[in-house]
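One structure is given below, encoded as structure tokens.
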Amino acid sequence: VTHSTYLFAMTHLFLVNWRISMKMEAAGTAIRIKLVHRNSPESPVRKQYATPVQALEEAMETDAHRLAGFRKRMLLATAAKAHNFHTSVFSGSTLGSGQYLLSFSIGTPPQSFFLVADTGSDLIWVQCAPCKVCYTQTGPLYSPSNSSSFVPVPCFSKECFLAPAPAGFPCDFTYPGACAYEYQYADSSSTTGVLAYETATLQDSSSNSSVEIGKVAFGCGNENQGSFQGAAGVMGLGQGPLSFTSQIGYAYGNKFSYCLVNYLDPVSVSSSLIFGDESAMSSSTTKHPLQYTPILTNPRSGSLYYLGIQQVSVAGSSLNIPSSAWSFNLLGDGGTTIDSGSTFTYWVPAAYDPILSAFKQALLSQYPAVTTATQQQLQTFDLCFNISGVKNPEYPSFSILFLNDVSFSPPPQNYLVEVATDVKCLAMQGLQSDFGFNTIGNLLQQNFLVVYDRQSSMIGLAPSSCTTSSE
């Protein structure tokens, strides 16, 4: 993105945010939105699986495509810079399966959809009618013709250059003179359409009221394909100027947070996504003070949220992991992201090998490994064990020490998943090579308040009771 284009975008977004803040002055400093895990009983796109393993294997496959997409985008950005090309700001994810959904309405009158909440991407987009190629989603497509507030972004405008254009021509033929966009992903998923402005409406679950936001830039996708798990599209929460958090940031202190419940919890509880002050959560949500660690900048991947790791411990012992496992190299590989759209946690080999070894030593000295027959069904997991006959099983602790001495110590249910009766497996995986980066997935984040303070470039973490009533 050129310097002038970026300044134009930031000026426009500031004006949008100013309008929002004027509207919201009487409504408080935050809005809380309900999040639903896509496999929870309450999810409108929930799938039925023959076994728990089948669901976890599908999540792993989707994560693999997602991480490959991150890597591909990073390499493209590096190549463009090496040849002195200007590259636009775009999503860094494959989108294949962000795990938590939120209700989002656009248009006048509002049309409601379930979108994936994704910290690994920037674009907001929905499937639009008339649709040339669309995957199956839950509910009807968005209809621009039924909205009086739909306004296409002009092609050749400065704002249009913030979105990746189709090869050959940046204008859309469905709406002559409109800005066209095209996203291609590593797993063959894609969305193509027109960039437009719309009025967005969000439901504040803390007050049962709605918040209307004018002139939100989004992608109206007329050709979409891939595995999006029935959701109508994606809400990008990344750091780029087209993300929803960037567009509404100043109205809410450039800050958002979430608290993810276990997706197996009953329908009466739900997760929350908060724009603004996290104290909008119930005062009983967290009894622990937030600890803040800096958001690191990777020049090859500006959309993602990177954290710095000092050390990792298993069963109370610090592991011998080289510092190179946590740092960036010249290609942009390395480092550690925190991601709402990945299910499992992934490590480069230099980090994963000692982590897996430590868990094996601690667990297999107490519990038997699963039988060969069972292991064949669990071959995607590197460590599974049997706890049958054990009344009160105990598990080794796991903790990450981030920069600023921030200790992140999730409970065992965040990193050991039950795949069958009395059979548990380690919910972590190793990457095939060191050409990649570590990813902290949403399973490891469950029942933690995670605060993205973009104004201060910090992320706050605190153990929390994320349960809130859905009534």
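The values are calculated or read from the model by the stated rules, or taken from the named source; none is laboratory data. Remember, predicted model here, so these are calculated numbers, not experimental data. Heads up, the Cβs are rebuilt from the backbone with ideal geometry, glycines too, and the neighbour counts pull from every protein chain shown. Ligands, DNA and RNA are excluded from the accessible area calculation, which covers all protein heavy atoms including side chains. Shrake-Rupley method; radii C 1.70, N 1.55, O 1.52, S 1.80 Å.
Summary table below
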item	result
Extreme residue, nearest to K132 (Cα to Cα), among residues of segment 178-188 that are open to solvent by less than 30 Å² (accessible area, probe 1.4 Å) and at pLDDT below 80	Y183
Verdict on G302 being touching a strand residue (DSSP E or B) at 6+ places or on another chain (Cβ under 9 Å) and either within 21 Å of C259 (Cβ to Cβ) or of a type outside the set (V, I, T) (or both)	no
Options D405, D422; residue that is over 20 Å from A351 (Cβ atoms), modelled with pLDDT of 90 or more and open to solvent by 10 Å² or more (accessible area, probe 1.4 Å)	D422
Every pair of residues 6+ apart whose Cβ atoms lie under 8 Å, when the first sits in segment 149-177 and is closer than 12 Å to A196 by Cα and among the aliphatic types (A, V, I, L, M) while the second is open to solvent by 40 Å² or more (accessible area, probe 1.4 Å) and modelled with pLDDT of 80 or more	V151/K215
Selection within segment 234-247 - out of contact with any Leu (no Cβ under 7 Å at 6 or more places or on another chain) and either open to solvent by 10 Å² or more (accessible area, probe 1.4 Å) or at pLDDT 90 or above (or both)	L237, Q239
Matching residues in segment 383-402 - criterion: being without any contact (Cβ under 8 Å) to a residue 60 or more places away in the chain, open to solvent by less than 10 Å² (accessible area, probe 1.4 Å) and either under 14 Å from I355 (Cα atoms) or aromatic (F, W, Y) (or both)	L383, F385
Residue selected from segment 408-419 under the condition in contact with a strand residue (DSSP E or B) (Cβ under 9 Å, 6 or more places away or on another chain) and open to solvent by 60 Å² or more (accessible area, probe 1.4 Å), by the criterion modelled with the lowest pLDDT	E418
When residues of segment 403-437 are limited to those that are assigned to a strand (DSSP E or B) and among the charged types (D, E, K, R), the one farthest from P368 (Cα to Cα)	E418
Identity of the residue in segment 249-276, surrounded by fewer than 23 Cβ atoms within 10 Å (Cβ to Cβ) and over 20 Å from the mean Cα position of the chain (by Cα), that ends up modelled with the highest pLDDT	G253
S246 under 20 Å from A117 (Cα atoms) and under 20 Å from the mean Cα position of the chain (by Cα)	yes
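Every residue, every condition in (1) outside any strand (DSSP E or B); (2) open to solvent by 30 Å² or more (accessible area, probe 1.4 Å); (3) closer than 14 Å to V216 by Cα, yes or no:
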residue: S112; (1), (2), (3): no, yes, no
residue: L115; (1), (2), (3): no, no, no
residue: Q127; (1), (2), (3): no, no, no
residue: F169; (1), (2), (3): yes, yes, no
residue: P176; (1), (2), (3): yes, yes, no
residue: Y197; (1), (2), (3): no, no, yes
residue: A200; (1), (2), (3): no, no, yes
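This table checks each residue for (1) crowded, with 21+ Cβ neighbours inside 10 Å; (2) assigned to a loop (DSSP other than H, G, I, E, B); (3) more than 25 Å from the chain's Cα centre (by Cα).
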{"residue": "S303", "(1), (2), (3)": "yes, yes, no"}
{"residue": "Q310", "(1), (2), (3)": "no, no, no"}
{"residue": "N320", "(1), (2), (3)": "no, yes, yes"}
{"residue": "L331", "(1), (2), (3)": "no, yes, no"}
{"residue": "G341", "(1), (2), (3)": "yes, yes, no"}
{"residue": "Y346", "(1), (2), (3)": "yes, no, no"}
{"residue": "D353", "(1), (2), (3)": "no, no, yes"}
{"residue": "S357", "(1), (2), (3)": "no, no, yes"}
{"residue": "K360", "(1), (2), (3)": "no, no, yes"}
